[in-house]
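The values are calculated or read from the model by the stated rules, or taken from the named source; none is laboratory data. Computed from a predicted structure; not experimentally measured. Every residue, glycine among them, receives a Cβ derived from its backbone with ideal geometry; neighbour counts consider all protein chains shown. SASA here: full protein model, heavy atoms, side chains in, ligands and nucleic acids out. Shrake-Rupley method; radii C 1.70, N 1.55, O 1.52, S 1.80 Å.
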Amino acid sequence: MPEVKEATDSYFADFMRLEREANHFPAWLGELRKKALEEFAEAGFPTTRHEAWRFTNVSRIAETRWCAPETSANGAAASLLDRHAIPGVAARIVFVDGLFAPELSALENLPEGLQVVALRRAQQQPSGDLPGRWIESHLARHAAIGENAFVALNTAFFQDGALIHLAPGTDLKNPVHVLYLRASNGAHTATHPRTLVVTGHQSRGGIIESYVGQTDEACFTNAVTEIAVGEDSSVEHLKLQDEAENAFHVGTVQAVQARSSRFLSHSVSWGAALARHDINAVLAGEGAECTLNGLFQVTGQQHVDHHTCLDHAQPHCSSREYYRGVLDGRSTGVFNGAILVRKDAQKTDAIQSNKNLLLSEDAVINTKPELQILADDVRCTHGATVGQLDSEALFYLRARGIGLEAARHLLIRAFANEVIGRISFAPARQRLAERLLGRLSKGWTSEDSL
Amino acid sequence: MLKIKNLHARAAGKEILKGVDLEVNKGEVHAIMGPNGSGKSTLAQVLAGHAVYEVTEGEILYKGKDLISLAPEDRAREGIFLAFQYPMEIPGVSNMYFLRAALNNIRKHQGVPELDAMDFLSLVREKMKVLDIDEALMSRAVNEGFSGGEKKRNEIFQMAVLEPALAIMDETDSGLDIDALRVVANGVNALRSGDRAIIVVTHYQRLLNYIVPDFVHVLYNGRMVKSGDKELALELEKKGYGWLDEELQENRLYA
């Protein structure tokens, strides 16, 4: 496809510029980036002829000549942070238009065992320094550049991002908040944020990643997060995508779980014109447990796509997946839930559920389970529903004096709260519940929880 | 309080109410009895404003105003309460939230100050004692996982909190054991007052031993065919509904 080739050509020029400027790369990373760029050029942007991209057309991303945002100190970032900061977190690391913003971050007095650093700074440390070693042994080891062109693109171009490390035995009470803010008003800007989470054995902690923005022009965020969950440790990860309404967001979250570990993933997606999330976990050690929990709520012309993959590679692992979608207007949604049970993964216990609420006649959801089971002693179940608000429940609420609009909102919130309720950090839950309320209606206010 | 004249209503193209007349005044308790399929529940749902039923003829006046043109929520705000035969389960919404939203909507409409969480809680506690309801119920989702009896009791509890002017009980007794029936009846009796009217829709006379009605009406094939006092309920209990058929046949023959 010549047009796709052309689309990737311009990235070589950008890359050469990046190479010239980025003398702070260690040699191995330079090599990795070069390889990633080659992978990207080879694959090109996916088209709707690729099975995994059948319902998500990224031609507008492919055809746009993106450039790095101008960095300018402006009040927009501070006001975005005001709106999206979550109280009570253990640490906050903020990136504005792709670059670390130390003045907006809160990285002092971290609990013992927790390290939070900007990737770029960590790379500049003398070699042999711990963060540098963590990066070298984990970066791009989990999210493969050969399988997803956007991951390759991010690997070639990421400028900065967060590195979070939990030392063995660390028990983090409150989560770390990573914020990727888009505040630049330049046309056609792209950022490629990269997040790396590494946890030692018998540790426990939470990470919240917020992608939020307020931009007048179309922008593109291409994020990759890698999470290495150590043996017997537990990680809770929340990805909140609440970007500007003209934004494109493509992101991969790739977790790899060691023996007896637990990984709890939440994906909440309600911003952007087009959002595509690949959320993958490899249950790579015996007795690992994984929960993928997700909520998308879109309206207007928005498009949101969740492709999840649970790779059961070892025996005695269990996974639970709960995804819910609320679609209004002419919005479209995709849920594709892959479960792979490898030959050795006996006694796998996997349950998947996807429920969708269509609030208008023009909204569309494509939902598909994709089970590939190569072991014989397993339990795998899946179910998907697509429906409207229950008219009898609406009547019941109205018959008690609750108005039609309020009754509709109440039922939508109740539907979404099943997902939000699984988030264990209460301030995050509350923030999401408030935002949901604000999205449903400007006139409907209440401080009460349902 | 309520005047129903020649009410016709249909659902899915089928006529169910074929000219119902009924007049209910303040302070009265009316029982509406009738065999299955006679239109009892339809009448209850039409009064609450269920959109599945279309009123094709006749009128309903409530406090002298046309009821048919009012949305269900406006009827509730004007003081009409339907205790559902099959109360809905609403996962994700607690009883506390739901009932306070309901009460405050009604209070707002009536120009009375809304209740904050604390005042609401003390009101609810007081009503719980009367109805022997466990406080844990308030934090549970509306009717979710409730037994049939718990759902019915929850309806009566909601009624006690909302204090409607006109309460309509749609087969609240169905599926209740004798203890639950007594609790429900006590709840209803506690609400009896000179300002309030109650319509009890039931298939069986049993409930009327506990909630003694002032008037008993028989709804049959979409029409009120007989009215009387509580003795009529006993007569129906003894003879069943079959004799009505014969009597009506005769009436038609000699008419």
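Leaving ligands and nucleic acids aside, the A/B contact buries around 2200 square angstrom of accessible area in total at a 1.4 Å probe radius.
Percent of accessible area on the stretch A:66-389 owned by carbon and sulfur, 1.4 Å probe? Carbon and sulfur: 45 percent of the exposed surface of the stretch A:66-389. For the stretch A:66-389, the antiparallel share of DSSP beta bridges with both residues in that region comes to about 5%. What the phi angles of the stretch A:32-42 give under the Karplus curve with 6.51, -1.76 and 1.60, with θ = phi - 60°, is a coupling list of 4, 4, 4, 5, 5, 5, 5, 4, 5, 5, 5 Hz, glycine and proline written as x. For A:L357, the residues 5 or more places off, or on other chains, whose built amide H falls under 5 Å of its own are A:G325, A:V326, A:L327, A:G387.
The loop-placed trypsin sites (Lys or Arg not before Pro) in the stretch B:65-164, going by DSSP, that have at most 16 neighbouring Cβ atoms within 10 Å of their Cβ come out as B:R140. Sites listed here are GluC sites (Glu not before Pro) in the stretch A:46-75 whose DSSP assignment is loop and whose Cβ has at most 16 other Cβ atoms within 10 Å: A:E70.
For the stretch A:400-423, a drop of 50 Å² or more in accessible area on going from the chain alone to the assembled protein chains (1.4 Å probe) is found at A:R400, A:G401, A:I402. Projecting the Cα positions of A:A187, A:G213, A:P69 onto the charge dipole of the stretch A:66-389 (unit charges on Cβ atoms of Lys, Arg, Asp and Glu, taken about the Cα centre) puts A:G213 furthest along the positive direction. Of the chymotrypsin sites (Phe, Trp or Tyr not before Pro) found in the stretch B:84-142, no site is in coil according to DSSP while having at most 12 other Cβ atoms within 10 Å of its Cβ. For the residues of B:130-141, the average number of beta carbons from a partner chain within 10 Å of their own beta carbon is 0. B:E89 sits with roughly 80 Å² accessible to a 1.4 Å probe, with DNA, RNA and ligands left out of the calculation.
If you sort A:T215, A:T385 by accessible surface, 1.4 Å probe, largest first, the order is A:T385, A:T215. Ordered from largest to smallest accessible area (heavy atoms of protein chains, 1.4 Å probe), the residues A:H277, B:H203 come out as B:H203, A:H277. Database remark: amide H of A:A350 closer than 5 angstrom to the amide H of A:S319, A:R379, A:C380, A:T381 (H placed geometrically; neighbours at sequence offset of 5 or more, or on other chains; Pro and chain starts carry no H). List residues of the stretch A:153-196, by number, whose backbone nitrogen lies under 18 Å from a label position 7 Å along Cα→C-beta of A:D216. Output list for this probe position: A:182-190.
A simple spin-label model places pseudo-atoms 7 Å from Cα toward Cβ; at B:E15 and B:S69 they are separated by 2.5 nm. Put simply, the amide H of A:L238, placed in the peptide plane, has neighbours under 5 Å in A:I207, A:I208, A:E209, A:H266, leaving out anything fewer than 5 places away on its chain.
Ignoring aspartates and glutamates fewer than eight residues from B:K129 along the same chain, the ones with Cα atoms less than 18 angstrom from its Cα are B:D119, B:E150, B:E155, B:E163, B:D179.
In the full protein context, the protein assembly as shown carries 42 Å² of accessible surface per residue, based on a 1.4 Å probe and ignoring ligands, DNA and RNA.
The residues A:R194, B:R196, A:R422, sorted by heavy-atom accessible surface at 1.4 Å with ligands and nucleic acids left out, run A:R422, B:R196, A:R194 from largest to smallest.
For the cross-link pairs B:K65/B:K230; B:K65/B:K127; B:K18/B:K63; A:K173/A:K239; A:K368/B:K151, the ones whose C-alpha atoms lie over 26 Å apart are B:K65/B:K230; B:K65/B:K127; A:K368/B:K151. Interface burial in the stretch B:29-56, defined as at least 30 Å² less accessible area with all protein chains than with the chain alone at a 1.4 Å probe, covers B:H50. For helix B:117-131, report the angle its Cα long axis makes with the longest principal axis of the Cα atoms of chain B; keep it between 0 and 90° and round to the nearest 10°. Value to nearest ten degrees: 50.
How many angstrom lie between the Cα centre of the stretch B:1-72 and the Cα centre of the stretch A:344-396? After rounding, the separation between the Cα centres reads 41 Å.
Modelled label positions at A:R54 and B:V52, each set 7 Å beyond Cα in the direction of Cβ, lie 3.7 nm from each other.
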